[in-house]
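Scroll down for the structure; my scribbles are underneath it.
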Amino acid sequence: MTRQIIALLGRKDAPTDAVEEYCRYLAAALLPHEFQMQIRRVPWELHGWRQSLRALHLQSEAWRDTWVLVQYTALAWSARGFPLKFPHVLRMLKSAGARVAVVFHDVEPFSSPRLIDRLRHHVQLRALRRALELADAAIFTVPPEKLSWLKTIPEKAVFIPVGANLPFPEVLASRVSGDIPTVGVFSITGGEQGARETQLILDAVQHASRKLGRIQLSVFGRHSELREGVLRQGLHNFPVELSVEGVAEPEQVVNRLAGCDVLLFVRNGISTRRSSAIAGIAAGLPVLAYPNSETASPLTDAGVVLVSPGDPGELNDALVRVLSDSVFREELSAKSRAVYKAHFAWPAIAERFAALLNSR
């Protein structure tokens, strides 16, 4: 018999909402396990908290003994990253008799030396700890042992990585490289961090073109179009064919990835909660990335080459090796395909969710 479950989200992100996409792919993957997942929101940014909580109270009266998967990011529950109302949402669900699972997409509080950011860190840390206390199940998108604030791992804590929010086929064919080596970049961070990422991309691609000659750089996804001018100017005197596309349809993103030989991921650090990095693994690509405190298996078992963030030359040399050594590149691609199927494909993720929901 099919069981109903609820995915509960906060405010909608724009221009794309990765958490909503995650829920839609998860919902489809859970159907063979006889779970039907409905997506609901607490639209506090549109109607205010009082009216939104009143509406949630009325809805939750029908959710007794129903699993509610509450999706947590700090900005989904607060305009400026102060999720003070989030524990109240969980308490309301518990009072209605719902079975509450919190899916932690943000797994660490924001950190910065500024006074306001230290306060934000404190509020987010309290929200994380209180959510863990209130939840019947806590689903972390990185291994719990990697979290700075979790000193002991409770039995209710489960690690389930995110998948690629893209329609990849179940069976991935081995890639056939084209005549021109192609470097892919899927999404760039906004603001100052995005400017730093853009410079890292330029340095690596310039170096590779000096060593290898003509190459292609395909940049697509969120904020990519904002960096097109800087990229074109930086590559003007280099034998690099540049293609830039912003937010595209999922099928188009899959096609862009399929045309690449390697994914360059320089967004802070690679992690099992970074769907844009998982997309490269799903496409069977080698991935060049920086590690951080969240970097762990099974991600590190894929075709991921980790380079030191303090040594730009290491990234540059790694890119040249991957593009020039076809045997090495295929070894990495085979690892990515295998790890994707075992851990990051939506059927594998849904199987872990179903086991969790059926066991409690």
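Here are a few things to note about the model shown:
- Exposed loop positions in the chain were taken to be GluC sites (Glu not before Pro) whose DSSP state is not H, G, I, E or B and which have at most 13 other beta-carbon atoms within 10 angstrom. Between these positions, the longest stretch is 171-360.
- Label zone of Asp117 (point 7 Å out along Cα→Cβ, amide N under 16 Å): in the stretch 191-226 this covers 191-197.
- Whole-Hz ³J(HN,Hα) from phi, Karplus 6.51 cos²θ - 1.76 cosθ + 1.60, for the stretch 99-114, glycine and proline x: 9, 9, 10, 9, 9, 8, 7, 8, 10, 10, x, 5, 10, 6, x, 5
- Three principal axis extents describe the C-alpha atoms of the stretch 287-332; from largest down they are 30, 24, 8 Å.
- Here the dipole of the stretch 33-185 is about 820 debye; that uses its Cα centre as origin and unit charges on the Cβ of Lys and Arg (positive) and Asp and Glu (negative).
- Ranking Val123, Ser111, Ala302 by how far each Cα lies toward the positive end of the dipole of the chain (charges on Cβ) leaves Val123 at the top.
- Of the residues Gly280, His343, Ala355, the one whose Cα sits farthest toward the positive end of the charge dipole of the chain, with +1 on the Cβ of Lys and Arg and -1 on the Cβ of Asp and Glu, is Ala355.
- Taking amide hydrogens as placed 1.01 Å from N in the peptide plane, the amide H of Glu245 sits under 5 Å from those of Val219, Phe220, Gly221, each at least 5 positions away in sequence or on another chain.
- Seen from all directions on average, the chain presents a Cα convex hull projection of 18.0 nm².
- About its Cα centre, the dipole of the stretch 1-110 is roughly 460 debye, where the only charges are +1 on Lys and Arg Cβ and -1 on Asp and Glu Cβ.
- Ordered by the number of other Cβ atoms lying within 10 Å of each residue's own Cβ, fewest first, Val320, Val253 fall into the sequence Val320, Val253.
- Which of Met92, Met1, Met37 has the fewest Cβ neighbours within 10 Å, and the rest in rising order: Met1, Met92, Met37
- The trypsin sites (Lys or Arg not before Pro) of the stretch 1-70 that DSSP puts in a loop, and whose beta carbon has at most 16 other beta carbons within 10 Å, are Lys12, Arg64.
- As a proxy for reagent exposure, Ile278, Ile160 were ordered by neighbouring Cβ count within 10 angstrom, fewest first; the result is Ile160, Ile278.
- Basic side chains Lys and Arg get +1 at the Cβ, acidic Asp and Glu get -1 at the Cβ, and with that the dipole of the stretch 182-344 about its Cα centre reaches some 80 debye.
- The alpha-carbon atoms of the stretch 182-344, seen along their principal axes, cover 42, 31, 31 angstrom, with the largest extent given first.
A short reminder: the numbers here are calculations on the coordinates, not readings from a lab. Only a predicted model underlies this, so the values are computations on that prediction, with no experimental measurement involved. All Cβ positions, glycine included, derive from the backbone under ideal geometry; neighbour counts span all protein chains shown.
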